[in-house]
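Here the structure is laid out as structure tokens; the discussion comes afterwards.
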Amino acid sequence: MRSGSSEFLLDCDPGATPDVASAVSNGSGCTFSLSGDATVRRVRRTWLDTFDWRLYRAGLALEQVTASGRTELVLTGRDGERLAVAQAGSANGSGQQARWPALLGILPPGPLRELLEPVVGVRALAPVAKATSQVRQQRVLNPDAKTVAWLAIDQMSVSYPARAHAAPRLAVSAVRGYQAQAGRLGSVLATMPGVRLAAGIALDAALAAAGTEPAPRTGDIQLTAGMPSAAAMAVILTALLDAIEANVHGTVRDIDTEFLHDLRVAVRRTRSALKLAGGALPGDLAARYRPEFKWLGDLTTPTRDLDVYLLGFDQMTSGLVAATGQDLTPFRQYLERTRTTAHRELARGLRSARFARLTSQWRAELASVRASGKRLAVAKFAAERIAVAQGHALRAGRRITAASPPSDLHDLRKRCKELRYLLEMFGSLYDAGQRWQAVRELKALQDCLGAFQDAEVQRSEIHAFADRMLAERSAPAATLLAMGEIAADLARRQRQARIEVDGRFAAFAGQAGQSRLTALTEAGP
Amino acid sequence: MKILATYNIKGGVGKTATAVNLGFLAARDGYRVLLWDLDPQGAASFLFRIKPRVKGGGQALIHGKRPVDVAIKGTDFENLDLLPADFTYRNLDLMLDEAKRPDRRLASLLAPLKRDYDLVILDCPPSISLLSESVLHAADLLLVPLIPTTLSVRTLDQLTEFVAGFNGHRPKVLAFFSMIDRRKRLHTQIAQDLPAQRPDFATAAIPALSVIEQMSVHRAPVTVFSPRSLASKQYASLWQEARERLKLPQPS
Ligand SMILES: Nc1ncnc2c1ncn2[C@@H]1O[C@H](COP(=O)(O)OP(=O)(O)O)[C@@H](O)[C@H]1O
Ligand SMILES: [Mg+2]
């Protein structure tokens with residue numbers, strides 16, 4: 001039996017044809033030989049990951065392997081150790097091969113899916129690399145002619161993300177109980193000219209051959225304190241525009257809900273940046289673009305709201321006491337129908353001339369800003385903006401009494417968001433640890449205000465949905481009753497959050513928290 | 001996980017020959033099989049070209065100083081692993097005597113392997129001993145090779161009686177005729193009559209065949225190097241009968 005946990009992987013120079021046979025038999029004091037019969041297999045491989053490389057970042061690799069008519073999905077660690085395997089059919093057992101990109105739900109239930117779920121979440125898996133390998137495999141025998149290891153030479157041609165031939169790779173896999181011998185053999189092979197211990201798994205080799213790298217860092221910007229504030233704003237806004245554009249394709253194709261979510265986050269940040277710090281940009285640039293980004297933000301709202309509902313649907317129905325989940329099926333179907341329509345509208349907007357014009361002109365404007373610009377240093381500018389936002393948040397919070405209407409809490413939430421966003425936007429100016437300390441209370445307050453408002457919004461939405469479903473005659477009484485139960489539960493959660501707000505605000509507005517915040521922006525050079 | 005033991009207090013009756021061939025056939029069917037060569041002579045280890053050596057010896061295994069699974073070696077065949085013999089197994093009886101509940105020791109040593117294997121085959125040394133008692137308690141099925149003589153049938157009856165006296169877990173007993181010499185009238189006579197009369201006898205029997213002796217030259221089970229021989233066919237039927245008695249589910 002071969003054991004995956006004891007593999008020795010070696011990289012060869014490009015185009016090398018290492019003479020392994022003589023290395024095996026003549027290598028330093030080695031007493032191994034290669035069996036005469038070699039098998040050659042063709043293996044088609046597709047590596048899958050989420051758009052944001054969640055598997056790769058978690059130290060995992062998921063590979064769809066097709067060899068001699070069988071297709072399997074293999075999850076390995078980045079050291080090549082096998083963690084789980086599943087037949088790559090669809091969950092309905094039709095035996096049909098999965099089509100990527102796809103959500104995890106298409107995998108059959110089992111250990112593989114269970115391992116992937118917490119990492120992949122709601123994201124879709126899509127191919128990140130494709131290749132065909134020609135694997136020549138031979139047994140390595142000891143003097144008793146016992147197989148102690150398998151030696152494989154893998155010649156891989158990559159077809160995606162670009163066509164390329166990868167350098168040959170050697171793999172020595174130990175038979176169980178013969179790890180030491182296989183290890184010795186591996187070290188001998190590693191001393192051959194042009195051969196060295198592998199730097200990564202086959203995915204790394206495939207991507208390297210194709211001239212790309214996994215999990216590229218995007219959106220990371222580094223501001224320096226003395227940078228002119230206009231130039232700094234242009235850097236920040238260009239990175240946000242990159243994020244918007246990177247998520248357009250996945251949103252239009254509806255690959256998973258995170259594309260839209262990330263697109264919206266970038267739009268919201270752009271709008272906040274223009275509102276809170278747009279003054280740093282030359283002329284009326286900020287004022288001219290604010291309505292356009294508002295249009296973009298509004299375009300995305302209906303679909304996202306419905307996504308939130310649908311993603312939380314199971315959790316929402318699990319709390320039902322009197323009604324059953326089935327009572328809500330018409331509600332779910334209604335939401336799905338409505339979402340289809342909303343998404344069509346969204347896709348049309350993202351393919352429109354208006355959107356194309358917005359992004360291309362905005363990019364050009366930002367590029368010209370970087371060249372000229374106002375001279376105020378960004379650190380000073382940031383400290384000033386943050387102090388203003390801090391004051392606004394404190395004032396909004398102090399206004400709140402037991403009798404305050406929900407709109408006052410919403411106002412506080414907005415002010416907190418603005419403050420938080422400024423701290424993030426200029427985050428690269430500050431020490432990361434200190435920044436984390438400084439936003440602790442603010443974060444806790446925001447979570448609580450978020451829970452309050454989400455419950456409020458969902459409650460009023462559920463009333464609106466019920467009205468429309470009644471009007472469409474698509475709501476049986478049991479469904480409406482079940483929806484009523486959900487609304488009641490939302491009201492309970494909202495009350496709970498409301499009770500917590502006072503304590504959280506007191507913690508935020510307290511001496512210690514406030515001075516940590518002030519110290520942060522003043523600490524800069 | 002089911003445990004099968006090839007068992008007979010006598011040596012040279014075909015225990016090891018049966019253990020290695022059934023091990024290979026079970027693995028070929030897709031079961032994950034572990035063969036434990038309990039005989040210090042190491043005949044089964046030899047047939048799989050694996051050195052009869054266990055780090056720390058039988059001592060470390062029996063007293064649980066080393067988990068059983070680090071001593072396991074892969075054979076050249078998929079799904080078939082071997083726990084090798086070691087010359088210290090000569091003293092297994094003494095070691096067991098020092099252990100707690102010696103008669104249950106083997107069963108508890110194997111328990112952690114439940115998830116890794118569908119079938120464990122114990123290839124026992126000859127002799128009556130604490131070890132054999134421990135084997136009888138651990139096994140789900142005793143596969144007993146018998147040379148067809150009236151005397152050997154009597155030893156089978158003694159074994160059956162002994163096992164019937166156990167409290168709780170009792171292994172099933174399945175005897176079969178081994179090394180039937182077709183030139184001896186008595187052999188063929190007994191081998192023909194008994195299986196029809198007794199439910200604890202397998203229908204399949206293994207004749208004396210020179211191709212089986214050649215296993216030690218090839219250092220492989222006969223079912224590997226001569227799969228179409230009569231010997232291989234007989235081992236295959238014997239495996240079918242053993243599999244049914246063990247009630248092994250289809251391999252995953
Ligand atoms: N059916 C058979 N026909 C011929 N030789 C056999 C047969 N079964 C076993 N042998 C040979 O007899 C010897 C003893 O068999 P073995 O299986 O090692 O017995 P045990 O394990 O009971 O001591 C071995 O050399 C083996 O090859
Ligand atoms: Mg033997």
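Taking (1) at pLDDT 95 or above; (2) within 16 Å of ligand 1 (Cβ to nearest atom); (3) among the aromatic types (Phe, Trp, Tyr); (4) touching an Asp or Glu at 6+ places or on another chain (Cβ under 9 Å) in turn, B:TYR89 satisfies each apart from (1).
Please tell me if A:PRO193 is within 30 Å of A:ARG348 (Cα to Cα), not assigned by TED's automatic domain parsing to the domain that holds A:ARG344 and not polar (S, T, N, Q). It is false that A:PRO193 is within 30 Å of A:ARG348 (Cα to Cα), not assigned by TED's automatic domain parsing to the domain that holds A:ARG344 and not polar (S, T, N, Q). Is it true that some residue in region A:359-368 is in the same structural domain as A:SER474 (by TED's automatic domain parsing), under 19 Å from A:ASP254 (Cβ atoms) and not aliphatic (A, V, I, L, M)? No, region A:359-368 contains no residue that is in the same structural domain as A:SER474 (by TED's automatic domain parsing), under 19 Å from A:ASP254 (Cβ atoms) and not aliphatic (A, V, I, L, M). Taking region B:197-221 as the range and being more than 21 Å from B:ARG183 (Cβ to Cβ) and either of a type outside the set (D, E, K, R) or within 16 Å of ligand 2 (Cβ to nearest atom) (or both) as the test, the residues that pass are B:GLN197, B:PRO199, B:PHE201, B:ALA202, B:THR203, B:MET215, B:SER216, B:VAL217, B:HIS218, B:ARG219, B:ALA220, B:PRO221. When A:GLY283 is tested against (1) in contact (Cβ under 8 Å) with a residue 24 or more places away in the chain; (2) outside any helix (DSSP H, G or I), exactly one condition is not met: (1).
Evaluating B:SER108 against the criteria (1) within 16 Å of ligand 2 (Cβ to nearest atom); (2) without any contact (Cβ under 8 Å) to a residue 40 or more places away in the chain leaves one unmet condition, (1). Scanning region B:37-53 for residues that are within 13 Å of chain A (Cβ to nearest Cβ), among the small types (Gly, Ala, Ser), within 21 Å of B:SER216 (Cα to Cα) and without any contact (Cβ under 8 Å) to a residue 12 or more places away in the chain turns up nothing. In region A:118-131, the residues that are within 19 Å of A:GLY59 (Cβ to Cβ) reach residues that are among the polar types (S, T, N, Q) and outside any loop (DSSP other than H, G, I, E, B) with C-beta atoms within less than 9 angstrom, at least six apart or across chains, in these pairs: A:ARG123/A:THR257; A:VAL128/A:THR46; A:ALA129/A:THR46; A:ALA129/A:SER159.
Does region B:58-71 contain at least one residue that is within 14 Å of chain A (Cβ to nearest Cβ), among the acidic types (Asp, Glu) and farther than 20 Å from B:MET215 by Cβ? Looking for residues that are within 14 Å of chain A (Cβ to nearest Cβ), among the acidic types (Asp, Glu) and farther than 20 Å from B:MET215 by Cβ, one finds at least one in region B:58-71, hence yes. Looking only at residues in region B:15-51 that are of a type in the set (Gly, Ala, Ser) and farther than 23 Å from B:ASN91 by Cα, the one that is nearest to ligand 2 (Cβ to nearest atom) is B:ALA17. Look at region B:9-34: where a residue is of a type in the set (Phe, Trp, Tyr) and a partner is within 16 Å of ligand 2 (Cβ to nearest atom), sitting 6+ places away or on another chain with Cβ atoms under 7 Å, you get B:PHE24/B:PRO221. If the condition is being within 16 Å of ligand 2 (Cβ to nearest atom) and assigned to a loop (DSSP other than H, G, I, E, B), then region B:116-138 contributes B:CYS124, B:PRO125, B:PRO126, B:SER127, B:ILE128, B:SER129.
One line per residue, one yes/no per condition, for (1) surrounded by fewer than 17 Cβ atoms within 10 Å (Cβ to Cβ); (2) within 18 Å of A:ALA383 (Cβ to Cβ); (3) in contact with a Pro (Cβ under 6 Å, 6 or more places away or on another chain):
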{"site": "A:ILE221", "(1), (2), (3)": "yes, no, no"}
{"site": "A:PRO228", "(1), (2), (3)": "no, yes, no"}
{"site": "A:MET233", "(1), (2), (3)": "no, yes, no"}
{"site": "A:LEU237", "(1), (2), (3)": "no, no, no"}
{"site": "A:ASP242", "(1), (2), (3)": "yes, no, no"}
{"site": "A:GLU245", "(1), (2), (3)": "yes, no, no"}
{"site": "A:VAL248", "(1), (2), (3)": "no, no, no"}
{"site": "A:VAL252", "(1), (2), (3)": "no, no, no"}
{"site": "A:HIS261", "(1), (2), (3)": "no, no, no"}
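In the condition set (1) closer than 24 Å to B:PHE77 by Cα; (2) more than 14 Å from chain A (Cβ to nearest Cβ); (3) under 20 Å from the mean Cα position of the chain (by Cα), B:VAL224 is compliant with all but (2). Residues that are away from every other protein chain (no Cβ under 14 Å) and of a type in the set (Asp, Glu) within region B:72-107 comprise B:ASP93, B:ASP97, B:GLU98, B:ASP103, listed in sequence order. Residues that are surrounded by fewer than 21 Cβ atoms within 10 Å (Cβ to Cβ), in a helix (DSSP H, G or I) and more than 14 Å from chain B (Cβ to nearest Cβ) within region A:109-158 comprise A:ARG113, A:GLU114, A:LEU115, A:GLU117, A:PRO118, A:VAL119, listed in sequence order. Scanning region A:315-334 for residues that are surrounded by fewer than 17 Cβ atoms within 10 Å (Cβ to Cβ) and of a type in the set (A, V, I, L, M) returns A:LEU320, A:VAL321, A:ALA322.
Against the list (1) over 27 Å from B:ALA26 (Cβ atoms); (2) at pLDDT below 90; (3) surrounded by fewer than 16 Cβ atoms within 10 Å (Cβ to Cβ), the condition B:GLN158 fails is (2). When region B:6-27 is limited to residues that are within 12 Å of ligand 1 (Cβ to nearest atom) and aliphatic (A, V, I, L, M), the one that is surrounded by the fewest Cβ atoms within 10 Å (Cβ to Cβ) turns out to be B:ILE9.
Where helices (runs of 4 or more DSSP H) fall entirely within region A:414-525, those with at least 1 residues that are under 26 Å from the mean Cα position of the chain (by Cα) are at A:432-472.
For region B:28-35, does any single residue satisfy the condition of being away from ligand 1 (no atom under 16 Å from the Cβ), within 14 Å of another protein chain (Cβ to nearest Cβ) and under 21 Å from B:ILE206 (Cα atoms)? Yes: one or more hits.
The values are calculated or read from the model by the stated rules, or taken from the named source; none is laboratory data. Because the structure is a prediction, the values reported are computed rather than measured. Glycine also receives a Cβ, built like all others from the backbone with ideal geometry; neighbour counts cover every protein chain displayed.
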